[in-house]
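Colleague: Dropping a structure here in structure tokens format, bear with me for questions.
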Amino acid sequence: MTMKRSIIFSGNTVIWLNQDEAKIIDQMNKQLERFYGDKVRVVSVRDLGKDDLEIKVERELKGLYFIDGGWINHIDESIITGMSEDAFVPGSKQLLFPIIPYGDAFFSPDEEFYKLYKRQIKVFTNEIVDDVNVISTPSDLTMKVKYKDTTPRRYKQDIFDLEKKYGNLWFLRGQTIRTTLQDFSQICTRNQPKVSAYRGLKKLLLDTYEITLELTSNKSKG
């Protein structure tokens with residue numbers, strides 16, 4: 001993976017997402033092994049493009065606390081955050097409120113849990129997350145994390161126009177866009193269409209998407 005982001009999963013160790021998927025999975029599973037042994041395992045970490053991340057977890061835990069419909073329970077919450085289950089259950093160690101009782105288990109409304117997890121990510125990684133969604137079944141979890149778009153405002157229209165032309169830029173990583181200044185100025189307009197006017201956009205494409213933009217012009221590149 002080459003996502004230039006970081007995350008925490010089942011603990012407060014910062015895991016960088018710009019390394020091989022196998023290494024990311026190994027680091028996450030080392031966090032999980034402390035409490036769950038081999039009963040809970042991350043099986044895939046996927047970059048979905050546009051700063052969207054998907055983490056899939058398989059677990060062999062008792063189904064006592066599972067509710068049909070995909071509610072995440074305090075066991076799932078403890079797996080994701082690394083907190084003790086006590087943090088989500090009424091008692092002296094409870095950290096998350098409110099809690100909805102359901103039989104022998106206690107469930108946090110999604111919104112409250114997501115606020116907590118997004119705050120954790122911000123504290124430990126300084127990343128800003130727009131959205132987190134967890135789908136839970138008796139045997140696995142699928143978690144999707146959407147990072148906040150950090151594209152500078154002055155380049156948002158450029159990125160929008162480029163994606164209309166080339167499609168999702170995340171899938172062009174490592175590639176080079178070669179075109180003429182005249183053609184490119186029809187995609188990303190400038191008051192003065194010259195090579196130097198695209199210097200900032202070229203840097204953004206390289207730093208964020210690892211895309212090299214090569215513009216050719218019959219005129220001087222000044």
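The values are calculated or read from the model by the stated rules, or taken from the named source; none is laboratory data. The shown structure was predicted, so the numbers you read here are calculated from the model rather than taken from an experiment. Neighbour counts run over all protein chains shown; Cβ positions are idealised from the backbone, glycine included. SASA here: full protein model, heavy atoms, side chains in, ligands and nucleic acids out. Shrake-Rupley method; radii C 1.70, N 1.55, O 1.52, S 1.80 Å.
Colleague: Protein chains only, probe 1.4 Å: how do Trp16, Trp71, Trp170 rank by accessible area, largest first?
Modeller: Trp16, Trp71, Trp170
Colleague: When DSSP assigns beta bridges and you keep just the ones with both residues in segment 22-116, what percent turn out antiparallel, to the nearest 5?
Modeller: 100 percent
Colleague: Starting from the Cα-Cα distance between Lys122 and Gln94, subtract it from 0.36 nm times their residue separation and give me the gain in nm to one decimal.
Modeller: 8.0 nm
Colleague: In nm², what is the average projected area of the convex hull enclosing the Cα atoms of segment 1-101?
Modeller: Directional mean of the projected Cα hull area for segment 1-101 stands at 7.4 nm².
Colleague: Let me ask something additional. Got a sec? What order do Asp76, Asp26 fall in by accessible area at 1.4 Å, biggest, i.e. largest, first?
Modeller: Details: Asp76 0, Asp26 75 Å².
Largest accessible area first, the residues go Asp26, Asp76.
Colleague: How much of the accessible area of segment 20-135, in percent, comes from carbon and sulfur atoms when a 1.4 Å probe is used?
Modeller: Of all accessible area on segment 20-135, carbon and sulfur atoms account for 49 percent.
Colleague: Can you bin segment 124-171 into rounded, prolate or oblate? Criterion: square roots of the alpha carbon gyration tensor eigenvalues sorted a ≥ b ≥ c, rounded for a/c under 1.5, prolate for a/b above b/c, oblate for the rest.
Modeller: Oblate is the answer for segment 124-171, as a/c is 1.5 or above yet b/c matches or exceeds a/b.
Colleague: With springs only between Cα atoms under 10 Å, which of Ser185, Ser108, Ser84 fluctuates most in a Gaussian network model of the chain?
Modeller: Highest fluctuation of the listed residues: Ser185.
Colleague: Another question about this same structure. Going down the table (Lys164/Lys194; Lys30/Lys118; Lys122/Lys144; Lys30/Lys146; Lys23/Lys115), which pairs top 19 Å between alpha carbons?
Modeller: On the way: Lys164/Lys194 22 Å; Lys30/Lys118 22 Å; Lys122/Lys144 16 Å; Lys30/Lys146 24 Å; Lys23/Lys115 28 Å.
Checking Cα-Cα distances, Lys164/Lys194; Lys30/Lys118; Lys30/Lys146; Lys23/Lys115 exceed 19 Å.
Colleague: Kirkwood Rh over alpha-carbon pairs of segment 49-161, then Stokes-Einstein at 4 °C and 1.567 mPa s: what D in µm² s⁻¹, rounded to an integer? Intermediate values should be presented prior to the final figure.
Modeller: Working: Rh = 15.5 Å.
So the translational diffusion coefficient is about 84 µm²/s.
Colleague: Related question: Compute the accessible area per residue over segment 93-222, keeping the other protein chains in place, probe 1.4 Å, unit Å².
Modeller: For segment 93-222, the per-residue accessible area is 61 Å².
Colleague: Picking from Asn73, Asn18, Asn191, which is most flexible by a Gaussian network model of the chain using Cα springs under 10 Å?
Modeller: Its mean-square fluctuation being the largest, the pick is Asn191.
Colleague: Rounded to the nearest 20 debye, what is the charge dipole size of segment 1-103 about its Cα centre when +1 sits on each Lys and Arg Cβ and -1 on each Asp and Glu Cβ?
Modeller: I would put it at about 180 debye.
Colleague: So how exposed is Lys202, as accessible area in Å² (1.4 Å probe, rounded to 10)?
Modeller: Spelled out: Lys202, probe radius 1.4 Å, area about 70 Å².
Colleague: Further question on the same structure: Taking segment 114-197 as the region of interest, what is the percent of Cα-Cα pairs per 5 angstrom bin, listed from the shortest bin to the one with the maximum distance?
Modeller: Histogram of Cα-Cα distances, whole percents per bin: 3, 11, 15, 16, 14, 12, 10, 8, 7, 3, 1, 0.
Colleague: Another question, then. Hey, got the dipole for the chain? About the Cα centre, +1 on K and R Cβ, -1 on D and E Cβ, debye to the nearest 20?
Modeller: Using Cβ point charges on Lys, Arg, Asp and Glu, the chain gives about 1540 debye.
Colleague: If you don't mind, another one. Where Rh denotes the Kirkwood radius from the mean inverse Cα pair distance, what is Rg over Rh for the chain?
Modeller: 1.11
Colleague: For n ≥ 4 DSSP H runs only, could you compute -39500 (n - 2.57) per run for the chain, divide by its residues and tell me the 222 nm figure to the nearest 500?
Modeller: For the chain, the value works out to -10000 deg cm²/dmol.
Colleague: Let me ask another. Once ligands and nucleic acids are excluded and a 1.4 Å probe is used, how much of Glu210 is accessible, expressed in Å² to the nearest 10?
Modeller: Number for this one is 60 Å².
Colleague: Rounded to the nearest 0.05, what FRET efficiency do Asp131 and Lys202 have when you use their Cβ-Cβ distance and R0 = 30 Å?
Modeller: 0.50
Colleague: At 7 Å along the Cα-to-beta-carbon direction for both Asp52 and Thr176, put a label point, then send me their distance in nm to one decimal.
Modeller: For the pair Asp52/Thr176, the computed spacing is 3.1 nm.
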